[in-house]
Ligand code: 5RP
C-alpha cells in the first residue's frame, strides 16, 4: 500500500460546539477548493456530499466556476444538481473524470473506505473508479482502525432474484466473523430498491474483516452479487473535519 501523508489545519481561533452537520459542511467546502473551471466532476451522494454540491452550485451562480460538467452518483444527486443548475453528463460521454467528491461511512488509516449506507454504492464505485482524483469528505466519527466489525453494516448490492440464497452465501462466507446478513428495508418496511433496481444486503460483522482485498474478491465471486461497499485503494485524498480542525490525508 502507498504511504499516507497528513496535513493538519487547526481552526483559529478554536471553534467550540460544532455539530456533526457543521463538520460535514466544513469538509465539503474544503474539498470544493480543489474544483477548477472546466473540470468534469463526479458528484457524490449523501448528507456530506450534498454540501459540496450546494457549494459548487453557489460558485457557479457567482461566476467563480465556469464550464463544469457533473456526473451524478445517484438519482437523488442528479435531482439536486439539476435544481442547482449544474450541467450534467454521464460516464458514456465522459469516461474520464477529473475529480470526484463524495462521503463515506468508514475510513481506515490506509484511506480504504466503506460506502453505501445511502444505497448508492454501485454508481459511486463506477464514477469514483473513473476519476483521476477522488476526494473523500468525512467528519471524524467516520474514522476506524479496520473496515467492518464496527457495529455498522457492510452493504452489498444484490439482484432481487432469490436474494435469500445470495444473502445466505454471504453470511456463510464470513461465518468466522459472526456475520449476520440482513435485507435492507425502506421506511415502509418494503425491500429498499437501489437506483439500479437491485436490493441491498447489509452484512453485520462481530469482528473486523481481516484482509479486505481477500474479502472483496470473495464477495464478488458470489453469483447474485452486483457490487459491495468496500472502496479499496480508490480515495486519493480524505478530508476529515474534527472539532479542532481539518486534516487532509493524501495518497
Ligand atoms: C451513499 C454513501 C455515502 O457517501 C455515505 O453513506 C456517507 O453518507 P453521509 O455523508 O450522509 O454520512 O456511500 O451510498
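The values are calculated or read from the model by the stated rules, or taken from the named source; none is laboratory data. Quick caveat: nothing in here was measured; it's all calculated off a predicted structure. In this analysis, Cβ positions are derived from the backbone assuming ideal geometry, glycine residues included, and neighbour counts consider all displayed protein chains.
Of all the numbered requirements in (1) closer than 24 Å to residue 231 by Cα; (2) in contact with a strand residue (DSSP E or B) (Cβ under 9 Å, 6 or more places away or on another chain), residue 75 misses one, and that requirement is (2). Condition check: closer than 22 Å to residue 20 by Cα and either at pLDDT 95 or above or touching a strand residue (DSSP E or B) at 6+ places or on another chain (Cβ under 7 Å) (or both). Does residue 127 satisfy that? In short, no. For residue 206, state whether it is over 26 Å from residue 41 (Cα atoms), modelled with pLDDT under 95 and not in a strand (DSSP E or B). Yes; evaluated as a whole, the condition is true for this residue. Within the range 182-201, being crowded, with 19+ Cβ neighbours inside 10 Å and in contact (Cβ under 8 Å) with a residue 60 or more places away in the chain holds for 184, 194, 198, 200.
So which residues in the range 166-181 are out of contact with any helix residue (DSSP H, G or I) (no Cβ under 8 Å at 6 or more places or on another chain) and surrounded by 13 or more Cβ atoms within 10 Å (Cβ to Cβ)? 166, 167, 168, 169, 171, 177, listed by residue number.
To keep it simple, each residue is scored yes or no on (1) in contact with a helix residue (DSSP H, G or I) (Cβ under 8 Å, 6 or more places away or on another chain); (2) within 16 Å of the ligand (Cβ to nearest atom); (3) modelled with pLDDT under 95.
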position: 5; (1), (2), (3): no, no, yes
position: 16; (1), (2), (3): no, no, yes
position: 25; (1), (2), (3): yes, yes, no
position: 30; (1), (2), (3): no, yes, no
position: 51; (1), (2), (3): yes, yes, no
position: 54; (1), (2), (3): yes, yes, no
position: 67; (1), (2), (3): no, no, no
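Return yes or no: is residue 101 farther than 29 Å from residue 184 by Cα and buried (at least 16 other Cβ atoms within 10 Å of the Cβ)? Considered against the rule, which asks whether it is farther than 29 Å from residue 184 by Cα and buried (at least 16 other Cβ atoms within 10 Å of the Cβ), residue 101 comes out as no.
In summary, strands (runs of 3 or more DSSP E) completely within the range 1-89 and bearing 1 or more residues that are more than 24 Å from residue 125 (Cβ to Cβ) and touching a residue at least 12 places away in the same chain (Cβ under 8 Å) occur at 5-10. Quick check on the range 97-108: of everything there that is more than 8 Å from the ligand (Cβ to nearest atom) and in contact with a strand residue (DSSP E or B) (Cβ under 7 Å, 6 or more places away or on another chain), which residue is farthest from residue 35 (Cα to Cα)? Looking at the filtered set, the residue picked out is 106. Scanning the range 33-49 for residues that are touching a helix residue (DSSP H, G or I) at 6+ places or on another chain (Cβ under 8 Å) and under 27 Å from residue 194 (Cβ atoms), we see that the one that is surrounded by the fewest Cβ atoms within 10 Å (Cβ to Cβ) is 47.
Going by the conditions given, is residue 111 within 16 Å of the ligand (Cβ to nearest atom), at pLDDT below 95 and part of a loop (DSSP other than H, G, I, E, B)? No; evaluated as a whole, the condition is false for this residue.
Go through the residues of the range 33-40 one by one and say whether even a single one is within 14 Å of the ligand (Cβ to nearest atom), over 19 Å from residue 239 (Cβ atoms) and touching a strand residue (DSSP E or B) at 6+ places or on another chain (Cβ under 8 Å).
The answer is no; no qualifying residue exists.
Being over 18 Å from residue 132 (Cα atoms), within 14 Å of the chain's Cα centre (by Cα) and within 14 Å of the ligand (Cβ to nearest atom) is a description that applies to residue 45.
Yes/no per residue for (1) at pLDDT 95 or above; (2) touching a strand residue (DSSP E or B) at 6+ places or on another chain (Cβ under 8 Å); (3) more than 16 Å from the ligand (Cβ to nearest atom):
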| position | (1), (2), (3) |
| --- | --- |
| 138 | yes, yes, no |
| 157 | yes, yes, no |
| 171 | yes, yes, yes |
| 174 | no, yes, yes |
| 195 | yes, no, no |
